[in-house]
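These notes concern the structure reproduced below.
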Amino acid sequence: MNAPLEGRTVVLGVAGGIAAYKACEVTSRLKKLGADVRVILTENAGRFVPSLTFQALSGRPVSSGMFEEPTQWEIKHISWARAADLFVVAPATANLMGKYANGIADDMLSTTLLATSAPVLLAPAMNANMWRHPAIQRNLNALTSRGVLTVGPGTGFLACGDVDEGRMAEPAEIAEAALAILTREQDFKGKRVLVTAGPTREPIDPVRYISNHSSGKMGYAIAEAALARGAKVTLVSGPVSLDPPAGAEVARVMTTAELLDAVMARAAGQDAIIQAAAPCDFRKDTPAENKIKKRDGVSGLTLHFSQTPDVAEAVGAAKRPGQFLVAFAAETENLVENAKRKLLSKRADLVVANDVSREGAGFDVDTNIASLVTPEGVTELPLMTKRQLADVILDAVRRGWADGANA
């Protein structure tokens, strides 16, 4: 029997939500993959599923309290935290995520989470309105910025009767994500990757600017994925509300000219440059020194704009042998045709094209629907999270290096 996780230890935390029953199947699937599974139940999780069930499925005693009588001398939350090759929490409730994000350790699960240095994978599960609440999203951003990984939530039938976001990822998805993390090769170790992200802003006057709807989520997901695969990452970021992933060198810019300067100053030393930013294509010729005021009797305002520098074109012109360039094409029409044109004109090796008018593929969402355009052809991808797409893009970069692209 193939047991890819033989010799690996997974600590599975189960928080108190109705989806706790699904954690039984998660335990079973991880065991079938060969993992040594150690389960920590919160007090509320034990009200949904008794510890004896997890003990039978895992073949190990279950931990549920800070003051259990030890069968052998050990500080359990420390010993389990050290033993973990991966820490999975399924379901990860709003309460658990809030405690973990803010460093609160008041039970065995939250204490062990804060003590571990292993990768952490959360499977959020909660009511849709809770999931969308700004406090939950702030906690989520804080956790992912520290390198915490997530799977789901999905959309489906919830315990409250709604069909909406917040449903915990299926056990098969969670086990697959755990397998991917534990078997992931550090295939970018020793590589230098520069990622651009977010919009730029071009001032009109001291209080106004033109920009676009880019949130930076795609670029930040790529930076996070590259770090997880061992790369040394430089993130050149426009103004966004995201926290950068831990370990990335960050250069913050505002205008397209600043983006160009920041990228070109670092481009020569990079093995790959992935341009996920959405720079403004136009700027006001001369920004007003003072706020432009309304004037009585004047119904309109005419501003003159000029094109901003073409960052992708400049990067392509300076491309060195062996360097892999990825460009993005956010389009509303003629998607593939425009992407193919960009591939040639910017000397890119790959263009990631998406129609931002499609549901689930626009700005400021966590998913994307992309087509990968290369000199060899077009690969259309299904709807996936931006974090999943990030790894698909990095897989294409790795293949380009292996094929000796531009060598």
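The values are calculated or read from the model by the stated rules, or taken from the named source; none is laboratory data. Model, not experiment: these values are computed from the prediction. Cβ sites come from the backbone with ideal geometry, for glycine too, and all protein chains shown count toward neighbours. The protein model used for the area step is the full one, side chains on, heavy atoms only, and it has no ligands, DNA or RNA in it. Shrake-Rupley method; radii C 1.70, N 1.55, O 1.52, S 1.80 Å.
Annotations
- For Lys217, solvent-accessible area (1.4 Å; no DNA, RNA or ligand), Å²: 50 Å²
- On the chain, 50 percent of the accessible area sits on carbon and sulfur atoms, based on a 1.4 Å probe.
- For the stretch 90-100, Karplus couplings with θ = phi - 60° (6.51, -1.76, 1.60), whole Hz, Gly/Pro x: 8, x, 9, 7, 4, 5, 4, 5, x, 5, 5
- The radius of gyration of the Cα set in the stretch 260-325, together with its Dmax, comes out at 18.3, 61 angstrom.
- Under the Karplus curve 6.51 cos²θ - 1.76 cosθ + 1.60, θ = phi - 60°, whole-Hz ³J(HN,Hα) for the stretch 123-137, x wherever Gly or Pro sits: 10, x, 8, 5, 4, 4, 5, 5, 4, 7, 4, x, 5, 5, 5
- Rolling a 1.4 Å probe over the heavy atoms of the protein chains gives the chain an accessible area of 49 Å² per residue.
- Under a Gaussian network description of the chain, with springs only between Cα atoms under 10 Å, the residue in Gly190, Gly230, Gly17 that fluctuates furthest is Gly190.
- With K and R counted +1 and D and E -1, the other residues having a Cβ less than 11 Å from that of Ala248 yield a net charge of -2.
- Probe 1.4 Å, all protein chains present, accessible-area order of Thr27, Thr385, largest first: Thr385, Thr27
- Positive minus negative residues near Gly322 (Lys, Arg vs Asp, Glu; Cβ under 13 Å): +1
- 3J(HN,Hα) along the stretch 270-284: 9, 7, 8, 10, 10, 9, 8, 5, 10, x, 4, 8, 9, 9, 5 Hz, from the Karplus curve 6.51 cos²θ - 1.76 cosθ + 1.60 with θ = phi - 60°, whole Hz, x for Gly and Pro.
- Protein-only accessible surface order, largest first, of Tyr220, Tyr21 at 1.4 Å: Tyr21, Tyr220
- Within a Gaussian network of the chain (alpha carbon springs, distance under 10 Å), most fluctuating of Asp296, Asp243, Asp391: Asp296
- Computed Kirkwood radius, in angstrom, where 1/r is averaged over Cα pairs of the chain: 23.1 Å
- Within straight-line cross-link reach of Lys189, lysines at Cα separation under 25 Å, skipping those fewer than 8 residues along the same chain: Lys217, Lys232, Lys319, Lys386
- Accessible area per residue (1.4 Å probe, heavy atoms of protein chains only) ranks Arg398, Arg295 as Arg295, Arg398, with the largest value leading.
- Among Ser214, Ser371, Ser357, the largest mean-square fluctuation in a Gaussian network model of the chain (Cα springs under 10 Å) belongs to Ser357.
- Within the stretch 176-249, GluC sites (Glu not before Pro) in DSSP loop having at most 11 other beta-carbon neighbours inside 10 Å: Glu185
- Solvent accessible area, Å² - His213, 1.4 Å probe, full protein context: 150 Å²
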